[in-house]
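Presented below is the structure to which this report refers.
Read-outs: derived from the displayed coordinates by stated rules, not from any lab. What you see is a predicted model; the values in this text were computed from it and never measured. Virtual Cβ from ideal backbone geometry, glycine too; neighbours counted across all protein chains shown.
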């Protein structure tokens with residue numbers, strides 16, 4: 001009985017899986033609504049509203065620089081928790097999703113660069129990211145046809161993928177720097193980690209300094225959303241020593257729980273609504289066969305499959321990692337296809353890569369929507385018919 005009392009009724013990872021899957025469906029609806037609005041008589045009003053200024057920033061910038069900083073805060077919290085105390089807490093657990101994520105970022109970028117040189121080459125990272133909400137939303141529709149081990153693999157891969165995207169944004173999509181603001185942001189960062197080091201467990205001081213950090217990072221030229229990741233890494237994972245359930249009541253767990261619903265069901269759908277609208281009816285036919293469109297679309301559809309599935313099978317064949325429990329090769333292939341759903345982060349990188357060229361943005365968005373849609377449909381169909389020993393897996397996880 002005492003042993004049973006120590007077993008968590010529902011792990012944080014399972015809560016993450018179920019919540020993200022549900023929010024993926026909401027994101028799909030928001031993206032569809034954005035496309036309908038952009039291609040209707042409401043389109044011009046939609047564009048005008050997004051470029052209306054509220055204080056120092058336009059509504060579009062408040063969504064992409066402000067609300068998305070909260071999204072990146074949640075991403076950072078999830079990365080830290082999984083690396084320190086979760087599915088990525090040991091090297092054996094990191095090997096397969098880590099290798100798959102690396103391949104799944106490198107191959108799509110290479111495919112994109114095969115079709116793009118010169119000015120358009122700046123968008124090489126657009127097809128490199130996986131949208132975890134969309135991918136898990138598709139898996140949720142399949143129920144117990146997909147082993148829990150594959151859901152864990154996909155989640156871990158997407159988390160590493162997100163971390164890679166954060167690094168790419170920081171190093172390759174940063175504007176001209178303001179050294180004064182950068183120095184201020186650095187000082188705030190040092191203070192945040194010092195607070196963690198000396199045992200500060202109240203959330204309010206971290207969040208107040210986080211707002212100041214966001215302002216300084218925005219002014220510094222580094223993309224403001226990275227302030228969310230920095231703040232997340234400074235939030236303590238451990239609770240107050242000596243208190244009951246100290247781990248579950250830690251600042252990181254409390255903040256993650258607080259952000260989970262608003263980010264998944266409000267912030268990310270708003271981002272999709274503000275950025276997924278592409279006016280297809282007014283575009284020239286060349287936009288659908290442009291190098292950017294082809295590079296992004298094929299990068300997501302083919303690059304992710306080759307990168308994720310190919311490197312995973314090589315790693316397993318060489319004995320570097322084990323196949324996820326009760327999963328077959330076709331199920332791994334279907335999961336790799338789902339990694340080609342690159343919606344949220346791909347759109348975000350598009351805005352950074354082609355911030356001054358609306359045509360290039362539209363071409364990239366067409367590629368993102370086409371590649372993500374085909375990847376999702378093919379992955380769903382393959383996972384629906386692929387066989388795996390899901391019964392034992394489900395029993396073991398119950």
Residue among 365, 176, 387 with the largest mean-square fluctuation in a Gaussian network model of the chain, springs linking Cα atoms under 10 Å: 176
Within region 73-114: backbone nitrogen closer than 17 Å to the residue 320 label point (7 Å, Cα to C-beta): 91-108
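Which order do peptides 47-55, 183-191, 204-212 fall in by mean Cβ count within 10 Å, highest first? Please list the in-between numbers first.
Details: 47-55: 11.2, 183-191: 16.3, 204-212: 14.6.
Packing proxy ranking, top to bottom: 183-191, 204-212, 47-55.
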Report the relative contact order of the chain, percent, no decimals, based on alpha-carbon pairs under 8 angstrom and at least 6 residues apart. 29
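In terms of the Cα gyration tensor, with a ≥ b ≥ c the square roots of its eigenvalues, is region 231-354 rounded because a/c is under 1.5, prolate because a/b exceeds b/c, or oblate? Numbers along the way, then the final one.
Working: a/c = 3.00, a/b = 1.30, b/c = 2.30.
It is oblate, given that a/c is not under 1.5 and a/b is not larger than b/c.
Please work out whether the chain counts as rounded, prolate or oblate from its C-alpha gyration tensor, where a ≥ b ≥ c are the square roots of the eigenvalues and a/c under 1.5 means rounded, while otherwise a/b larger than b/c means prolate and anything else oblate?
Values: a/c = 1.65, a/b = 1.08, b/c = 1.54.
Here the chain falls in the oblate category.
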Residue span residue 198 to residue 144: 0.36 nm per residue of separation minus Cα-Cα distance leaves a gain in nm of 14.9 nm
For 181, 131, 162, what ranking results if the residue with the fewest other Cβ atoms within 10 Å of its Cβ goes first? 181, 162, 131
Please check which bits of region 23-53 a label hung off residue 59 would reach, taking the label as a point 7 Å along Cα-to-C-beta and the cut-off as backbone N under 11 Å. 45-53
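Could the peptides 119-125, 140-146 be put in order, highest first, of the mean number of other beta-carbon atoms found within 10 Å of their residues? Please report the intermediate quantities before stating the final value.
Numbers: 119-125: 19.7, 140-146: 15.6.
Peptide ranking by packing, descending: 119-125, 140-146.
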For residue 357 and residue 95, what does the FRET efficiency come to when R0 = 41 Å and r is the distance between their Cβ atoms, rounded to the nearest 0.05? 0.55
Calculated [θ] (222 nm, deg cm²/dmol) that DSSP helices of n ≥ 4 give over the chain, each run adding -39,500 (n - 2.57): -20500 deg cm²/dmol
Using a 7 Å offset from Cα along Cα-Cβ at residue 39, what residues in region 282-315 end up with backbone N under 16 Å from the label point? 282-289
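Is the shape of region 154-287 rounded, prolate or oblate, going by the alpha carbon gyration tensor and its root eigenvalues a ≥ b ≥ c, with a/c under 1.5 for rounded and a/b larger than b/c for prolate?
Numbers: a/c = 2.47, a/b = 1.50, b/c = 1.65.
It is oblate, given that a/c is not under 1.5 and a/b is not larger than b/c.
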